[in-house]
Amino acid sequence: MPSLKDLKNRIASVKNTRKITKAMQMVAAAKLRRAQEAAEAARPYAERMNAVMAGLASSVGGQEGAPRLLSGTGSDRVHLLVVMTSERGLCGGFNSTIVRLAKARAAELLAQGKTVRILTVGKKGREQLKRDYSTHFVGHVDLSEVRKMGYSVAQGIARDILARFDAGEFDVATLFFNRFQSVISQVPTAQQIIPARFEGAATTALYDYEPGEEAILADLLPRGVATQVFSALLENGASEQGARMSAMDNATRNAGDMINKLTIQYNRSRQAAITKELIEIISGAEAL
């Protein structure tokens, strides 16, 4: 049974931990507001650009002059999985849900005899994937020095992906990230970016374009990849702060519960020690 001094030290330690988790919760709440605003502001732009490219793709897709980013290489043998996670932990199951989805896709592709290559964005995902899939790693993007997520960061990642595609390193590229819904809800998402896929693509072109659709798509598709990467980074940023805020709130509550239990145990032990001393004093007095 722990001594009174041990219980007192442990209560003080848990109180210090609660101060830290409470402070982290407040910091995450402040960062979440900015990250959520950025993610929500980027959604209309990404959706509109997706709609424009969908209209162009509906009239160009299947033609001989279609860009490779749209038509693909004609094969799906080599898959590049771009796994986006955070640089720091203490955010609940945020990273593990993304990694779990990526692992499931990698295992499925390998079972089909496909070749899997993994590009990690963020340290935590790389650490979790390293044990089982380190031989499939082809690159890593370190975001530890990035203080504010900007479009230039997404452009750098997109250029790396596009350069690998032009070099023939893969046939299909898929992004893995968490889509932000609320503080307590982040949805693990797998989004194919190469060859380009458009949800709700138009069946007929609504406009006449000058120059032709092929030339416009050839310029828009690389921008579309960068836009999708940027949108995924913003969604991940908001999801990370939401998950961290929720995790630190739970940790603060658990610390409070533990303090209450330890305080009760301390008081009972102290009372038992005082009672024992009184019994010893009374017994000694009676012996005299």
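The values are calculated or read from the model by the stated rules, or taken from the named source; none is laboratory data. Everything numeric in this text was worked out from a predicted model, so none of it was measured. Note that we place each Cβ from the backbone using ideal geometry, even for glycine, and neighbour counts take in every protein chain shown. Areas reflect the complete protein model, heavy atoms only, side chains present, ligands, DNA and RNA absent. Shrake-Rupley method; radii C 1.70, N 1.55, O 1.52, S 1.80 Å.
Structure values in brief
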item: Burial order of peptide ranges 140-150, 275-285, 45-55 (average beta-carbon count within 10 Å, highest first); result: 45-55, 140-150, 275-285
item: Calculated FRET value between Ser269 and Ala29, using beta carbons and R₀ = 35 Å, to 0.05; result: 0.40
item: Cα→Cβ-extended label distance, 7 Å offset, between Ile279 and Thr73, nm; result: 8.0 nm
item: Full-stretch length increase - Asn9, Ser144 - with 0.36 nm per residue and alpha-carbon distance subtracted; result: 45.1 nm
item: Modelled FRET efficiency - R0 22 Å, Lys114 with Glu87, Cβ distances, 0.05 increments; result: 0.15
item: Viscosity 1.002 mPa s, 20 °C: Kirkwood-radius Stokes-Einstein D of the chain over Cα pairs, µm²/s; result: 96 µm²/s
item: Candidates Thr73, Thr135, Thr21, ranked by Gaussian network fluctuation over the chain, Cα under 10 Å, top entry; result: Thr135
item: Cα-Cα separations in region 28-165 greater than 27 Å, expressed as whole percent; result: 34 percent
item: The chain - percent of accessible surface contributed by carbon and sulfur, probe 1.4 Å; result: 52 percent
item: Straight-distance crosslink candidates among lysines, where the alpha carbon sits under 22 Å from Lys130 and sequence neighbours closer than 8 are dropped; result: Lys103, Lys114
item: From the C-alpha gyration tensor of region 79-142, square roots of 5λ in Å; result: 20, 13, 8
item: GNM result for the chain, Cα springs below 10 Å: residue of Ala12, Ala218, Ala107 fluctuating most strongly; result: Ala12
item: Average accessible area per residue (Å²) across the chain - probe 1.4 Å, nucleic acids and ligands excluded; result: 56 Å²
item: Fraction of alpha-carbon pairs over 18 Å apart in region 88-208 - percent; result: 61 percent
